[in-house]
Every structure is written in C-alpha cells, then in structure tokens.
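This report refers to the structure that appears directly beneath it.
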Amino acid sequence: MKYFFAGCALLSVLVLNACQTAEPLPVKHGNPEILWDTWGVPHIVATHDSDAFYAFGWAQMRSHADLLLKLYAMARGRGAEYFGEDYLAADRSVRLLGIPALAERWYQQQEAGFKNNLVAFAAGINDFAQRHPEAVSDQVKAILPVTPQDIIAHTTRVMTIFVAAISECGAVLPGLNFNHQLAGSNGWALGAKFSSSGNTMLLANPHLSWHGMETLFETHILLPDVNLYGAALVGSPVLQIAFNDYLGWTHTVNPMDGCDLYRLRLAGDHLNEGYWLDGEVNAFEVSSEIILIRRDDGRMESEVLTIRRAAQGPVIEHAGEMLSIRLALLATQRLARMNQQWWEMGRATDLVRFQEILAGGHLPLFNVIYADVNKHILLAYNGIIPQRATGDTAFWRKPVIGDDSRLIWKDMHHYQDLPKAVNPHSGWLQNSNGAPWYMTLPILEKNQYPQNMTADVTNNRELQSLRMLASRSRMSFAELIAAKHSTHSLAADQLLDDLLSIAPASNDPLVHQAAAIWHQWDRQFLAESRGARLFSLWFEKWVEATIAKAIRANPDYVFTPDQLLGGLFYSQPFDSSEPLITPHGLADKPLALNALREAIAQLLAETGRLDITWGEVARLRRDGSDLPGNGADTDLGVFREIVYEPDADGKLKSSYGDSFIAVIEFSKPVRAQVLMTYGNATQPPFFETYNPLELAAKQQLRPAWRSRNEIEGNVKLREILSYDTPDTYENRTR
C-alpha cells in the first residue's frame, strides 16, 4: 500500500496500555520523530535512548515487518509452527542449542538502562503492528506480540549462524546456514598520512545476501549527545556498522574458529548407556521439547525432540557418528552484552574509550576496522575465540576425540591477546576476509599468535585490495570512492597471459577469436566490458576441471576454497611472504585450453556471441528494476563484489554482495557518501523513493544526510510518535 504526500505528513501514535510489571520504564521522556527521506531512510530524532529504541523498532516494522517477525519466529524455534515443515530442521537446531532459553536468562542479566531500551524497541514493534495491521501479512500476525527476549534470541541466532558457517559446525547443524555463499566484506581505514586531505577515512563495505536474514537496514539516530549513522541487520535493536561526529567502524567476517566438534565414544549400543570421558562412563543430560508443525493442509502436528548434552555441549548424529557441538559464543556469558556493546561503540568519542568498550569482548566475531577525527586508525581481529591448549587450526577443523576432557576448552582469549594494528607505518589498514596477518604491509608476524587462533587463509579479492593500496602513496575522498567500485580482475592478471600464450598453437578458429577478444579486454567487469563473461565462464570450467583431475588422481581428495590459490591451480602458488606477486601462472595449460573450448561452446549456445558485454548477461534486478550489472565475485579477484546467479530467462541476476556502502572522511564536519544497494525496505513502499540500483549501475553513491537542515530539505514523510511508558511489555504472552 502506498501513501503519497504533497508535503510532510504528521502522524501521532499512542502506545497500547500494557500489563503492569515490577520493572517499569521511566516516565515518558518526549515524542521521538521519524523523518523519512527520499531514499526511504529513517532519521530518528529523540531526547533519550529509550525514545530512539522505540522509534527504531517502529521504523523497522514500517520497512520490514514481515521479514522481522518471521526472523523472530525462527529465533523462538517455532518456524515450522507458523510457516510449515520446511522450517523444521532450523527449529530443531535452535532448540538443540538452547537459544530461546539462553535469551530468557540473558535478558535478566541486562543492565537496567539497556533492558529498558530493549523493552522500548519491542514496544515500537508491537505498537506499529496494532496501528498499521494492513502493513503486516496475516501469516505473521500470530507471532505478535514481540518480547525483549525475542530480540536477544534473534541476535543470538544470527551470530550463531555466522560463527557456525565459517567453521566445521555449519555442516552438521541443519537449517542454520546462509542463503548463498559465506558472508564477505571489504573494509579500509586510511590514516592521515595516506589521505590527500590529511583526514582519516573509512570504507565500510559488507557483502551479504540481498534477501532474508542478512538484509541490512540503513538508519540515522540523532540524540542530544550523539549523531549516529549506519546500518543494522533487520531485527537488531542497534546499529552494527556506524559512524558519529568523532569516529566510525565497520566489520569484516574473519576466519576465526569459534566452534568445535567432538567425536563421542558411546558406552554401549544405546544412547541411554552414556559415553566415555576420561576412562569413565558419563550419562547424557537429557531433556525434551515439543515442536509444532503446520502441514500443507493446515493441520497442526507435533514432534517430540529429545535433546542430549555431553560435557562438551549438545549432541547430534551426523554421517553415522555421534558428535558433541561446542560453540564459544553460547558457552560463555559474554554474548549477553553484545547489543549493549554495539550501542556503546556508537557513543564513543575517541580511540581510548572505543578500545575500552572492545575489551569487553562481547562481539562473537568480526574484525573491527576503525578511524577517527583525531587521526587514528585501528584494525582489531576480534571475536569470542577459545583458548585451546593444543593443536593447530587443521587439528581443530576436524572432529576431535571426545573422551579426553583436556580438549574441552573453557576460557576465551582476551582482547589484548588478539592480533591488531594501530596507526601502522604504511598509513592504511584493510581486510577482505583473509587472515589478520594481511591487514597491512609488511604483514604481521603470525608466529606471535597461537596456531589455532585463526585459519591462515586469504582470497583473490583481498590480494587485489592489498595491491590497490600498496600501489599508492596517497588517496583522496573521490579516489577512495572510485577504488571501492573497482571491477578490475586480479585473476585475469594472474592467468590470462599464460592462456593467451598457448592459444596461437590451437587449430580451433574459435579459440583464436576468443584470444582476439581478450587482447582487447581491459580486464574489467564493467557493464560494457567485452570478454568478461567469456573469462568468468572459462574460470568456472577451469576450476571444475582441475578439481575433477585431482579426484581422478585421488578419490579421497576433498576440495576446500582455501586451496584455490595453491599449486593445484597455479604454477606459482600463493606465498604469504610475497602477497603482491603471487599466485600466478597456469599449473596445467592443456587443461586450461580445454576449459576454454568448453566455455566457448556454452557461451555460443547461450547467447550466440563470444563478445557479448558483461552487462548484457549480468543484470541488477530487484523489485522490477532490470539494469546492466557491474562487479563480480571474490574468486575472480574483483573488489566490487556483486555475485550473480542464473535467472529464469537465462541471464544472471544480482543476488549477493555489495549491500550497505559507506565512505566517510573524518573532517570537521564529517562528510560521507553512502548507498544501500538493494534499497531500504522489503515491504511494499509506503511512498515513492529513488531507486538505489540506478546509482549502483552507475557506480555512484549519495550523500549521507546527517544535519537537521539537510534532513528537513529531503523529508518525504514525518512521524511523531507519542507514547506513555508507565508499564513495560515484558509480561505479555506470545
């Protein structure tokens, strides 16, 4: 449903009367405003924190009501009850890990002030749903009302999925996975000496799915003592990537290992006989839960889920083995204060205070990349990471024996123990999901840290990032924006010369035609680039053929993505001591040439042409928009990551990658250019907004409006929320 306003509309909203509780919120502070701009971004103007949280819950419902409520249902472990048996596997995993029970306990552990904020956020959600029932689909209304515990359960579930997905645990927890590939991200912090203006600059550039749990929501919160702009995953009560007038930070997913599997040795043929630990038989802790399942015909059935716990954690059967799962973020109390830590980070004004907050250790993963107005930059490899007494990463990436209690870790690494750099001599810090050693040049000394703290991995996108930064001595704000949009393919630089050197010997005229196209190609993945689609197809065929060759030689061979830069593929594999010049060259030239013939055949079958442009095939598609695409994926070494998947018409559609983008210069005043690539709402628009995909197609950003004057000049809808708060919502039942 659309609402059109000639000017600014005024909406007064009154809160519902709620059940009296023992923990009332403070008396009403004021009337928070939401000023919605022409890009669909809410600018929340409030007097007190709880007012802002209330308005933030309201705003998320206006833009993402159905998605938010669906995510909360899944965090309860009740997705199958509301949406059918497709959600049953996810419900089992959520119940197995005990996430709803943890949320109940952790809610009670919140500091009083932040507990009030969570209550206010839930109130904003519930009040919007009652005032605007037309904006909430019938399928999700049964999930209401939302409680503060739902908020904690949701953010816990999301972070559990992130941690499990980058470890071996993701493979054994059904339903806890990403929509597409693993989450990625780029992040740069440029120091004063590397900046043309002498001001520090920050690039925030998460790469996530354009759908579902990973959807981001761009928001501006203006309180008397903080001007905070950034983005949050839908359902989060706080901004998770943000900047204020003094500092800012972004996150990149790091290759930490926060989850381990233990192979249990059962004491007999039946689980009720227990398991061996330190030479003794231990009994499992056993509990059960009932999961309701909505069938296609509307009938409701139930399943009794029996949950067993060993000393290490909950138990699951996988591939014929009984495994116990130990997740660091669920095995400690640290995660209880995760949302409060993000809120406090947004209120910090200098590096000292910011690091004091980080030292709390409440964020379960993510590198923290930081810059501030005082000319400081920081990159901290961060997370809730176990202190393991023995073994390297390879040892812990496989299930370890479960009958030795010495392998059951209990303590976590402290912030001061983790790899980090502050104001490095290079003048810059970066991460694109590789190991922390590559955050700057020269690389960090990896031998100073435990061998099981992180996987020693990198990827072509990160190597391209290093090359772009190492090739310059300074960068301007405009040059940073241009670098962020770079579509140059490092893989083409690594491999194409070898491929072109063997093409003349072929007697296939189509191979010669392909070589002629590539000689003219600028090795970019721009919309107008001819040769890009042919190269991406060849790359896919080359990787597939190389893996198949390895399996023929060794049927037990298992490919993992970290091998992609190794000797199986490259004649000169990646060498961490030479990250700017390795890897390069084809390990098997005849195989590569045969892969080219296969790519040629497929491209001709699909399009009838070898010189088709990238934008003719790769399309930026969402909500009816269909524009020529640019950018490509990590393996091709393209910094501007947009991943495309096959669409019904045979073309490729954008599905993953660049989401929220922010380029910030910490001048006085701070200036920033931003874009939420896929737009800021999954609900039908409540007023017409500009189309961000049009800017994405042009590789452009837009100004971040942060002053009251800027905002007032671009308001599309104004809401003034009036509510009384003598009662809280925590006693409402679901």
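A few remarks follow.
- If you take the Cα centroid of the range 55-108 and the Cα centroid of the range 652-695, the two points sit 26 Å apart.
- Other residues within the sphere of radius under 15 Å centred on the Cβ of Glu285, judged by their own Cβ, net out at +2 (K and R +1, D and E -1).
- Dipole of the range 229-351 [Lys/Arg +1, Asp/Glu -1 at C-beta], most positive-end residue of Val238, Phe284, Ala310: Val238
- Rg over Rh [alpha-carbon atoms, Kirkwood Rh] for the chain: 0.97
- Cβ-defined net charge surrounding Tyr229, 14 Å radius [Lys, Arg +1; Asp, Glu -1]: 0
- Alpha-carbon geometry of the range 140-250: the Rg and the Dmax are 17.2, 56 Å, given in that order.
- Pair Glu356, Ser722: separation of 7 Å Cα→Cβ label points (nm): 4.0
- The range 278-378 - Kirkwood radius from inverse mean 1/r over Cα pairs (Å): 18.1
- Charges were assigned to the Cβ only: +1 to each Lys and Arg, -1 to each Asp and Glu. The resulting dipole of the chain about its Cα centre is roughly 1020 debye.
- Farthest toward the positive end of the dipole of the range 490-638, out of Asn507, Leu627, Gln572, is the Cα of Asn507, where the dipole comes from beta carbon charges about the Cα centre.
- D (Stokes-Einstein, µm²/s), Kirkwood Cα radius, the range 259-327, 0.890 mPa s at 25 °C: 181
- Kyte-Doolittle mean at least -0.5, axial Cα span of 24 Å or more - DSSP H helices of the chain: 49-75, 112-131, 148-165, 532-553, 589-607
- Space enclosed by the convex hull of the alpha-carbon atoms of the range 490-638, per residue, Å³: 135
- Spin-label pair Thr607-Tyr557: with each label point 7 Å from Cα along the Cα-Cβ axis, the two points sit 3.1 nm from one another.
- Cut-off under 5 Å, modelled amide H: who pairs with Gly248 long-range: Ala371
- For Gly258, net neighbour charge (Lys/Arg +1, Asp/Glu -1) across residues whose Cβ lies under 13 Å away: +1
- Out-of-range pairs (alpha-carbon distance over 22 Å; input Lys115/Lys716; Lys541/Lys589; Lys375/Lys668; Lys446/Lys484): Lys115/Lys716; Lys446/Lys484
- Under-5 Å amide H pairs with Phe284, H placed in peptide plane, nonlocal only: Gly274, Tyr275
- Rounded to the nearest 20, the size of the Cβ-charge dipole of the range 124-202 about its Cα centre is 260 debye, with Lys and Arg at +1 and Asp and Glu at -1.
All of the numbers you see were taken from the coordinates with simple rules; none came from a lab. Only a predicted model underlies this, so the values are computations on that prediction, with no experimental measurement involved. Quick reminder, even Gly has a Cβ in these numbers, built from the backbone with ideal geometry, and neighbours come from all protein chains shown.
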